[in-house]
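Please read the structure below before turning to the comments.
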Amino acid sequence: MTFGQDPLLTEEAEEKLKSELGKLWDEGLKGPEIAEKLGFGKPGPYEKLKLDHIYFYRIHFGLEPRQVKTMKKNLILESLPPRQRRLMVKWRPSMPQSLVETCLREGFLYGYPSNLAKSIQHEEDR
């Protein structure tokens with residue numbers, strides 16, 4: 001008697017997934033977009049797979065992780081002098097609007113959506 005789970009994919013399906021997932025991952029698509037394009041959970045070769053399997057197979061196939069947000073944050077912070085760097089505040093949706101406006105005006109806010117920043121600028125111009 002054996003214990004364990006049967007493999008979700010055959011060897012051929014896994015090889016096909018490796019090439020397809022690699023291409024889509026390199027294009028910069030996110031996990032849910034890749035799952036939708038490949039048909040995870042829908043009738044076909046990947047019907048037993050779920051969204052979380054994308055991340056498992058990314059590691060299994062040795063694809064590079066993406067850290068774009070962290071890289072952008074580091075570029076912003078590294079360009080500032082050390083004294084100003086420790087005053088920087090990351091925007092969060094739960095922040096009070098008065099704090100957001102003050103930090104934006106003083107230049108101490110990062111990660112704020114640009115379309116919202118433009119609307120605040122237009123209100124200040126009036």
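Every number here is computed from the coordinates shown, using simple stated rules; none is lab data. Just so it is clear, the structure is predicted and the values come from calculations on it, not from any experiment. Glycine also receives a Cβ, built like all others from the backbone with ideal geometry; neighbour counts cover every protein chain displayed.
Would you kindly state how much longer the chain becomes between residue 78 and residue 108 on full extension, computed as 0.36 nm times their sequence separation minus their alpha carbon distance, in nm to one decimal?
On the way: separation 30, 0.36 × 30 = 10.80 nm, distance 1.36 nm.
Contour length minus the Cα-Cα distance gives 9.4 nm.
Less than 12 Å Cβ to Cβ from residue 13, Lys/Arg counted +1 and Asp/Glu -1: what total charge do the surrounding residues give? Mind showing how you got there, number by number?
Details: positive: 16, 18, 48; negative: 11, 12, 14, 15, 20, 47.
Net charge in that neighbourhood comes out at -3.
Under a crude label model (7 Å from the Cα following the beta-carbon direction), how far is residue 59 from residue 11 in nanometres?
Using points 7 Å along Cα→Cβ, the separation is 2.5 nm.
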